[in-house]
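The values are calculated or read from the model by the stated rules, or taken from the named source; none is laboratory data. Treat the numbers as computed from the prediction; the structure is a model and nothing was measured. As a convention, Cβ positions derive from the backbone with ideal geometry for all residues, glycine included, and neighbour counts pool all protein chains shown.
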Amino acid sequence: MSTTQLHSGSPNIFHRPGLAARIAGQVLHVSPTSASSSGVFLAAPRRTGKTTFMREDLAPALSEKGALVCSGQVISDTSIGCCTAVFRS
């Protein structure tokens, strides 16, 4: 995938396919000392592109490798717990 391909059609997205592929490989790698692979937690200040990166680059990279991608906006409703937010997504 080249950096000029846009999933959303917006010219304002800076795609990071290399970073997404690297993270996807790390997440899906199962260590010999672990019973399962890991998950991803993206943390950064608001409005810095976490959701866009997840939606436009990381989720497609994980899906291409056979992963089932589930995500939730945990902070969007502070009256519910994190597990409920992900479950509702």
Name the single residue that is modelled with the highest pLDDT among those in segment 13-43 being outside any helix (DSSP H, G or I), under 23 Å from Val86 (Cα atoms) and among the small types (Gly, Ala, Ser). Ala43
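Looking only at residues that are aliphatic (A, V, I, L, M) and surrounded by 10 or more Cβ atoms within 10 Å (Cβ to Cβ) in segment 31-58, which one is farthest from Ser10 (Cα to Cα)?
Filtering segment 31-58 down to residues aliphatic (A, V, I, L, M) leaves 35, 40, 42-44, 54, 58.
Narrowing further to those that are surrounded by 10 or more Cβ atoms within 10 Å (Cβ to Cβ): 40, 42, 54, 58.
On the way: Val40: 25, Leu42: 22, Met54: 15, Leu58: 17 Å.
Filtering first and then ranking leaves Val40.
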Pull out all pairs, ordered by first then second residue, where Cβ-Cβ is under 6 Å, the residues are six or more apart or on different chains, the first lies in segment 37-55 and is without any contact (Cβ under 8 Å) to a residue 40 or more places away in the chain and more than 23 Å from Lys65 (Cα to Cα), and the second is of a type in the set (Lys, Arg) and not in a loop (DSSP other than H, G, I, E, B). Ala44/Lys50
